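Read the structure below first, then the notes.
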Amino acid sequence: MPEINELYALNGSYVNLAYPMPNGNSVKFLDDREVYLGNQVECEFNDGEMIKCYGLVAGMDFLMVSEYGENCTSPELVVYKKR
C-alpha cells in the first residue's frame, strides 16, 4: 500500500460503506452524520481488470482500512481496530 501522508475531513455518509459479513448480511460501521479523517490510495498491485483502492478512515476511537473497486463497489473490510 502506498504511504499516506495526509488525512482529509470526510463526511460520514460518503465513507460509510456497507460491508458484507460471512452470514450474508451487510453492516455499516460508521455514522452518516459524523465527520471522519481519511484518505484513499490506489492499490499498487492491480490485476489490470479492475482498479482496487484502499480507504483509511479514522475516528476518535477507531481506525478502519478497507479495500474496494471503482466507485466504492465490492467493499471488503481489512481492519477495524477500536482503541
Given the Cα-Cα distance of Tyr19 and Thr73 and 0.36 nm per residue of separation, how much length would full extension add, in nm?
18.4 nm
Most packed first (mean Cβ within 10 Å per residue), the peptides 63-69, 3-9 order as 63-69, 3-9
With contacts defined as alpha carbon pairs under 8 Å and 6 or more residues apart, what's the relative contact order of the stretch 1-70 in percent?
27 percent
Between Ser26 and Tyr80, the two model label points (7 Å from Cα along the beta-carbon direction) sit apart by a distance in nm of 1.4 nm
Near Pro20, within a Cβ-to-Cβ distance under 12 Å, what is the net charge of the other residues, with Lys and Arg +1 and Asp and Glu -1?
0
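Only the coordinates and a few stated rules stand behind these numbers; no lab work does. Fair warning: this is a prediction, and the values are worked out from it, not measured in the lab. When we count neighbours, we look across all protein chains shown, and the Cβ atoms used for this are built from the backbone with ideal geometry, even at glycine.
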